[in-house]
1. Out of the residues in the range 105-118 that are part of a loop (DSSP other than H, G, I, E, B) and either within 18 Å of Ala70 (Cα to Cα) or of a type in the set (Asp, Glu) (or both), which is nearest to the chain's Cα centre (by Cα)?
2. Does Val226 count as within 21 Å of Arg164 (Cα to Cα), within 16 Å of ligand 1 (Cβ to nearest atom) and not in a loop (DSSP other than H, G, I, E, B)?
3. Just for the range 57-90: of the residues that are surrounded by 19 or more Cβ atoms within 10 Å (Cβ to Cβ) and part of a loop (DSSP other than H, G, I, E, B), which one is nearest to ligand 2 (Cβ to nearest atom)?
4. Which members of the range 174-202 meet the condition of being of a type in the set (Val, Ile, Thr) and either in contact with a Gly (Cβ under 8 Å, 6 or more places away or on another chain) or loosely packed, with under 12 Cβ neighbours inside 10 Å (or both)?
5. Is there a residue in the range 19-27 that is more than 17 Å from Met101 (Cα to Cα) and without any contact (Cβ under 8 Å) to a residue 60 or more places away in the chain?
6. Being among the acidic types (Asp, Glu) and within 19 Å of the chain's Cα centre (by Cα) narrows it down to one of Asp218, Asp201, so name that one.
7. Take the range 41-56 and flag every residue that is open to solvent by 10 Å² or more (accessible area, probe 1.4 Å) and more than 16 Å from ligand 2 (Cβ to nearest atom).
8. Considering only the range 203-219, how many residues are open to solvent by less than 20 Å² (accessible area, probe 1.4 Å) and either assigned to a loop (DSSP other than H, G, I, E, B) or touching a Leu at 6+ places or on another chain (Cβ under 7 Å) (or both)?
Amino acid sequence: MTHFTTIAESSYEQLRHYLDVAIRLKTQYSATGHNDPLLAGHILAMVFEKPSLRTRVSFTVAVTHLAGAAIMLRQEEVGLGVREPVKDVARVLSGMCDGIMVRTFEQEKVAELAKYSTVPVINGLTDFSHPCQAMADLLTIEEHFGSLAGRTIAFIGDGNNVARSLATACGRFNMRFVIASPPTYQLAPEDTDRIMSQLPDMDLEVTNDPIEAVHEADVIYTDTWVSMGQEAEKARRLSDFAGYQVNEELLSHAPSHAVVLHCLPAYRGFEISDAVIEGRQSLVFPQAENRLHFQKGLLAVLLAGVK
Ligand code: CP
Ligand code: NVA
């Protein structure tokens, strides 16, 4: 059973295949207005313990375009690990559905679902990782530049779930990943050690200096300074991240061909300025749309075995 719970568990060939099928289905949809019914009769269960716009809509629309159906299950109803054990939910959903997408806090819950599920389990974000986002981001970068290998992503901000997945995805695709964070918000040494042990040839740099980070960047990436579940730390975080905003001043230190990505939701005036998100270098909304296209590729391969 192939799951998609982290980038690291997938080989380059698997990730490349998800992207290739995504590109094929995106091209088909834009040329004809529809996709082949690859998921006819297939049901995706979606469990959400946190809010979502993009992840919920992209999975629902992807399944619908491929002629399957998605079921939305809120944590208040399912009580994953609360109303009943995660391993019981895994086996019940496996008996009725063809795939499980889950957004939760603990990566361990996703791992446990995958352990007990007999259908593919997809991670729709945990505190640790956001692999679907990272792959949609690579799709966006490849569409824009025509290639991935050798490109540099400068991530400015929190060494969080999005940064971890993106760093690992960069390693898989021979891209350089530079992350500039305030001292206590850097990718933890155990993260960089783990990534480097999995991808020993990876070009990974951790710095406190956003200007140094963007110097040779093809892509400048940022994400919220206050992730879901960290609301109680908001005041301290907003103060600790001062100086790490992606704004026009920072872009003036980057190559003029650099593009700006943000996984969204964005908090204008904090991690990114309004001028940058609305500016000529921003690919933020094509990036959001690519969540849909990547989910199609992923679901077609995992649920329907598309070659
Ligand atoms: N980027 C992202 O995952 O957005 P949502 O939280 O709205 O799903
Ligand atoms: N780091 C953010 C990403 C949101 C898509 C969070 O976890 O809230």
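1. We begin by selecting, within the range 105-118, every residue part of a loop (DSSP other than H, G, I, E, B); these are 105-106, 117-118.
If we keep only those that are either within 18 Å of Ala70 (Cα to Cα) or of a type in the set (Asp, Glu) (or both) too, we end up with 106, 117-118.
Numbers: Glu106: 16, Ser117: 22, Thr118: 24 Å.
Taking the candidates together, the pick is Glu106.
2. Details: within 21 Å of Arg164 (Cα to Cα): yes; within 16 Å of ligand 1 (Cβ to nearest atom): yes; not in a loop (DSSP other than H, G, I, E, B): no.
No; evaluated as a whole, the condition is false for this residue.
3. Checked the range 57-90; the qualifying residue nearest to ligand 2 (Cβ to nearest atom) is Gly81.
4. Filtering the range 174-202 down to residues of a type in the set (Val, Ile, Thr) leaves 178-179, 184, 192, 195.
Correct list: Ile179, Thr184, Ile195.
5. First pass over the range 19-27, keeping only residues more than 17 Å from Met101 (Cα to Cα): 19-27.
Those still in the list that are without any contact (Cβ under 8 Å) to a residue 60 or more places away in the chain too: 27.
Scanning the range 19-27, I find at least one residue that is more than 17 Å from Met101 (Cα to Cα) and without any contact (Cβ under 8 Å) to a residue 60 or more places away in the chain, so the answer is yes.
6. On the way: Asp201 fails: within 19 Å of the chain's Cα centre (by Cα).
Answer to the selection: Asp218.
7. Gly41, His42, Ile43
8. Keep residues of the range 203-219 that are open to solvent by less than 20 Å² (accessible area, probe 1.4 Å), which gives 207, 210, 213-214, 217-219.
From what is left, the residues that are either assigned to a loop (DSSP other than H, G, I, E, B) or touching a Leu at 6+ places or on another chain (Cβ under 7 Å) (or both) are 210, 214, 217-219.
Number of matching residues: 5.
The values are calculated or read from the model by the stated rules, or taken from the named source; none is laboratory data. Given the structure is predicted, the values throughout are model-derived calculations rather than measurements. Reconstructed Cβ throughout: ideal geometry from the backbone, glycine too, with neighbour counts over all protein chains shown. Note: accessible area is taken over every heavy atom of the protein model, side chains too, but ligands, DNA and RNA are not part of it. Shrake-Rupley method; radii C 1.70, N 1.55, O 1.52, S 1.80 Å.
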